[in-house]
Structure formats: C-alpha cells, structure tokens
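Novice: Below is the structure I would like to discuss, written out as structure tokens.
The values are calculated or read from the model by the stated rules, or taken from the named source; none is laboratory data. Keep in mind it's a predicted model, so treat the numbers as computed, not measured. So basically every Cβ, Gly included, is an ideal-geometry build from the backbone, and we count neighbours across all protein chains shown. Heads up: the accessible areas ignore ligands, DNA and RNA and are worked out on the full protein's heavy atoms, side chains in. Shrake-Rupley method; radii C 1.70, N 1.55, O 1.52, S 1.80 Å.
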Amino acid sequence: MIPSAAPATDVHSRIVFDHLPKTGGTSVRMALAAALGDSGSVTETSCPHHVAIKGANGRRLLASHFWFFPGEPLAPGWLYATVLREPVERFLSQYFFYRAMSTAVLSGAVNDTRVVGAVHLDLDAYVDGPQELRLASSNVQALHYAWRHCDAPEHLAENDLIDAAIASLEGYDEVGVFPDLQPFLDNCCDRLDVARQRVAHLNATSGRLSRARVSPAVIATLVARNGADAALYKWARQRAMASRTTPPANRPSGVSSRHASRRAEFGSRHVEIVTSRCEGVASGSAAVRRGEAVVVRLCARATIAENDLTIGIAVRDSECRLVYATNSNQAGHGVRVVAGQFLQWSFLVDSVLDPGEYDVTLAIHRGLSHLDGCFHWVENAASFSVVQPPPAADQAEF
C-alpha cells in the first residue's frame, strides 16, 4: 500500500501523542515535554481521548495510551502524532515488560489478566493461552487505530482491518516508526516551532529474549497472528520515509494529512455501492449555498437476496467532525433486494451547515449494525461543498 503524500508543515502550538505501549513512546513523550515545558501527563494511564481534550485547559502536550470511540474525530487545532513498531518485536517487548512486574502481581497491586499471565506463564504457554492472552499478541496496533474508524474491528477480514487502520492513521499529522524515532521527533518539533530534542532510550524492557532466541514455533504463530500489523508497519515506514526524504520547501502547504481523501472500503460486496453523488436541491450541483438541502444518491447492485438491509450515511466536515448521520432503519424504512437487482436510494441532508468541504461515508449492512453482516462500507464515497451566498443587493431608495 502506498502512503499518502508527505504531511504539511503548518505550525501548531500543541500536540496529542497517541502512545501505544512498547513503541518507544516514553522516550518521545519526555523529549516533547522538555521542548514544550508540559509534562504531557493525563489523569489515567489509559485515557479516553475526548476526556483528555475536554480537560486540556491550555495544555500544550497530551500523551497517553488513548482510546477512542468509533467514529470519534480528532480535535481541530492539535497536531496528532503516533509511533508504530514491528509487531513481533513489540509483543516480545511487551511480554517481558509484563513478566518483570512479578512483585506487583504477587503482592496483589496488579491484577490485569495480561500481566498476571505473563508472570505465571512462559512465552510458549502465554501465546497458546486463553483468548484474552491470544488477543494480546494479535494485531494490537491495527485494532487500536481501526477502532476510531469503525465499531468492533476485530470482526473485520484482515484486508479490511488494514484499510480501516490506515484510513484512521491518515488523520494523524505525524506517524513514526520504532526504532527510527529521531526523524519523527524532529518533524514534530519543527511543526510545533520548538527546539529539536534528542531522543533518549527510556523505559527499555530488561531481561527480554532476543527474537533469535525465541522458538521458531512461537515466532511463526506471532507472524501468523499479526498480518494486519505487519502491513500497517510497512505502510508507516513508507510514510515516515516519504516525510524524511521530501524537503520541507517541496511539501504541500496549507493541507493537513488529516484531511487526505483516502477512499477506504470494506465488506463482502454482496450488495455493492457502484455509484454515489451529492447535489443541492436547488442548484443540482455539488457546490451548494448555505441553507440549501443536499441530496445524497447512491446506486447499489445485489448478487444475493436480502430482506433486512440497512443503508447508512455519515457526513463529516474538513476537521473530520461528524455533522450528520442517519440510516434507513432509524427512518423506519425497510429495504430489501433480490439477486441481480439494482437498488437506488437517497438521503436528504437538510441540516444548516457552515461553509466548507464535506465528505460522505455510505454503508450497506444487514440488520441494525454492520456487525450483523457488512456488505459495503465506503469512506469518502462522495463530497460536497457549502458556500456562503453573496449579500443581497441593497434595495433602491425611493
């Protein structure tokens, strides 16, 4: 997969660092804290993103193991940054980091199942252990990012999980890779207009086995469980390299990578969206005046019969904020198709939207949720713009 264009060099005053465990994030956070004069600490080790943003109150750095609600937008005005790591190395570092917490586990101070399992089980038994432990070694990074993009990404096919994770990551302004942290940190400091810092090697896991000393069977299992993470890491390396090799003067300006229009798609395609478009009810154009309702039309083709279809829409502004969402089920419309049939559907977006650019996500699934059977989910399926009408001409004086 090819990464998006190198990110813009627009200057920000504050940053959210989405820190995934055992990716070198402690070193990055400390360097950013020194540069910005802000510790970056939040109330909880694992913190809801929206809670941290709401309580920022003049903070310049927020750094944590954040988690997001599905569809949650990134906050405007913040630089978003994160780091990924080769998945097998990340898991091994995580396992041995947990294993070193034996004193806390035995004293009862820590009761996290993943940590307790690492203390009591050797690596082979941990990898083959109960479901919760197996999940700790399976596409942790891809699932984290994809969760912001869609609900229950663990149910997606691998290629769809990769697409969802990349679509989410393209909202971030800076994406780095471990262990090549210095160029990533330099980019962050430059975009924050603060002095560059050196990356120290902090919070390193002690006592871990090197990959070469781990049994080939365990390595094979970890590789098999982390196909999406491996693809995501490869994508992140390509994006990081593009960011390093593109001179700042040649990078696009005024356009954040957060607004890249990547068209992420997933689903079985048994009912497939083949065309979609937006048009104002008065103008018939994708450029509408403020206050003019917008019709979003789609055409889908079915290869199966289905009596319980739901068609959904989500509209987001240029800052990825959700401004409108509904579906046929909520509107009380039953939808059915037969094999070989084309389905025409339209939504009327009659909210008064501010001038700007808007992207439309469309989805067709079975039942109340795409977890019941996702046929086709299309991010950025269509777009429209809202313009401010010119002021009315002054009335002639009598």
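Novice: If residue 382 meets every condition in (1) touching a Lys or Arg at 6+ places or on another chain (Cβ under 6 Å); (2) open to solvent by 60 Å² or more (accessible area, probe 1.4 Å); (3) under 21 Å from residue 165 (Cα atoms); (4) not polar (S, T, N, Q) apart from one, which number is that one?
Specialist: (2)
Novice: Give region 315-332 a look and list any residue that's closer than 21 Å to residue 367 by Cβ, modelled with pLDDT of 90 or more and open to solvent by 20 Å² or more (accessible area, probe 1.4 Å), or say none.
Specialist: Hits for region 315-332 are 325, 326, 327.
Novice: Now a separate question. Can you find, within region 39-83, the residue that is nearest to residue 11 (Cα to Cα) among those that are open to solvent by 10 Å² or more (accessible area, probe 1.4 Å) and aromatic (Phe, Trp, Tyr)?
Specialist: It comes out as 67.
Novice: Now for a different question. Answer yes if at least one residue in region 121-138 is farther than 30 Å from residue 104 by Cβ and not acidic (Asp, Glu), and no otherwise.
Specialist: Within region 121-138 (the criterion being farther than 30 Å from residue 104 by Cβ and not acidic (Asp, Glu)), the answer is no, since none of the residues qualifies.
Novice: Return the residue satisfying two criteria in turn: it lies in region 201-210 and is within 29 Å of the chain's Cα centre (by Cα) and either exposed (fewer than 13 other Cβ atoms within 10 Å of the Cβ) or assigned to a helix (DSSP H, G or I) (or both), and of such residues it is modelled with the lowest pLDDT.
Specialist: Top of the filtered list is 204.
Novice: Just to verify a result, which residue in region 344-380, among those that are at pLDDT 90 or above and small (Gly, Ala, Ser), is farthest from residue 304 (Cα to Cα)?
Specialist: It comes out as 356.
Novice: Can you pull out every residue in region 264-285 that is assigned to a strand (DSSP E or B) and not hydrophobic (A, V, I, L, M, F, W, C)?
Specialist: Listed by number, the residues that qualify are 265, 272, 275, 276, 277, 279, 280.
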